[in-house]
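Reading through the structure tokens given below for one structure.
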């Protein structure tokens, strides 16, 4: 068994290849070709943090992957990275651990950003030019970079509760730090990336035809979008059962505003694209699925194993 550290992992990854692999994972998930573990989750209150354990196996693959990822949101105040973790690559034939990818949470961050870019491409209106990013942490910055680059967006707006962090992120990204209301008014596409447990975006804030990629609600109790907003939107989900259990879509389903059967899985949307009406509000609810971890870890491991 090899323990592989982050620099070697990143050197083995090609962004375009990884993006295509994650997209293929969503297609195969919706086609019923993936076994996904129940999500393991621990929540910590002081200091605030999360631990997620996810895993999956794609039918026919020689390996499966189990991932542990942590996020502790006050770490930067102590000079530490917010994220940490590893991915275990395990033989699907013998059960032997082939490698520990000690990615320190970076592969999780990257595959999440890639899912955001994939979903954004599926729901964005033609001619979209302005991206609004809610949140100024690692994921906010990654989404801002990858979504803008993938869709060819021209302007990026950033808002965060901490105005200083928003300004810092905007400077690093070549973006503009703005008030939340201004972001909602100007953005053609909004990506939300916070660990909030109370809604940030309300139905009154966003204009008709808003396109939103919601990344933050990856555990029970989290939510970034007001129920009145999700209840009136077309909802795209990375995994129907996961999003009903603890995503933005789950709040609307439990309130009786949306029928679970009407949720559109991202893999199905990739296979059969929909031309959403220009005045139709569309929300992509991304909770993070184990198949994303399999696809990006498998890609890195194949290159490293030669």
Per the C-alpha gyration tensor (a ≥ b ≥ c, the square roots of its eigenvalues), the range 2-160 is rounded if a/c is under 1.5, else prolate if a/b beats b/c, else oblate; here it's oblate
At the level of C-alpha centres, the distance separating the range 137-188 and the range 9-31, in angstrom, is 25 Å
In degrees rounded to 10, the 0-90 angle between helix 106-123 Cα long axis and the longest Cα principal axis of the chain is 50 degrees
Largest fluctuation, 160, 179, 78 only, Gaussian network model of the chain with Cα springs under 10 angstrom, belongs to 78
When the chain is treated as a Gaussian network with springs between alpha carbons less than 10 Å apart, the largest mean-square fluctuation among 213, 134, 36 is found at 36
Final fewest-first order of 109, 46 on the 10 Å Cβ neighbour count is 46, 109
A chain fully extended from residue 91 to residue 53 at 0.36 nm per residue, minus the present Cα-Cα distance, gains in nm 11.9 nm
Across 145, 96, 33, the residue with the highest GNM fluctuation in the chain (Cα network, 10 Å cutoff) is 96
Classified through the alpha carbon gyration tensor (a ≥ b ≥ c as square roots of its eigenvalues; rounded if a/c is under 1.5, else prolate when a/b is larger than b/c, else oblate), the range 87-164 comes out oblate
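Hey, can you rank 80-86, 223-229 by average C-beta count inside 10 Å, highest first?
223-229, 80-86
Just subtract the alpha-carbon distance of residue 245 and residue 182 from 0.36 nm times their residue separation and send over the number in nm, one decimal. Walk me through the numbers on the way to the answer.
Values: separation 63, 0.36 × 63 = 22.68 nm, distance 3.21 nm.
Here the answer is 19.5 nm.
Name the shape class, rounded, prolate or oblate, that the alpha-carbon gyration tensor gives for the chain, where a ≥ b ≥ c are the square roots of its eigenvalues, rounded holds for a/c under 1.5, and otherwise prolate holds if a/b is larger than b/c and oblate otherwise.
Numbers: a/c = 1.59, a/b = 1.32, b/c = 1.20.
Prolate shape, in that a/c is at least 1.5 and a/b is the bigger ratio.
Just order 13-20, 196-203 by mean Cβ neighbour count inside 10 Å, highest at the front, would you? Before the final figure, lay out the partial values.
Numbers: 13-20: 15.0, 196-203: 16.6.
Going from most to least packed, we get 196-203, 13-20.
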Length-normalised contact order of the range 109-289, Cα under 8 Å, at least 6 apart, in percent, tallies to 22 percent
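Would you list 91, 239 from fewest to most Cβ contacts within 10 Å?
Values: 91 12, 239 26.
So the residues, fewest neighbours to most, are 91, 239.
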Expressed in nanometres to one decimal, the distance between label points 7 Å along Cα→Cβ at residue 42 and residue 81 is 1.9 nm
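Roughly what % of DSSP beta bridges within the chain run antiparallel, to the nearest 5?
Values: 30 of 59 bridges.
Here the share of antiparallel DSSP bridges comes out near 50 percent.
Since every read-out is calculated from the coordinates, none of them should be taken as a lab result. The structure presented is a predicted model; accordingly, all values stated were derived computationally and were not measured. So basically every Cβ, Gly included, is an ideal-geometry build from the backbone, and we count neighbours across all protein chains shown.
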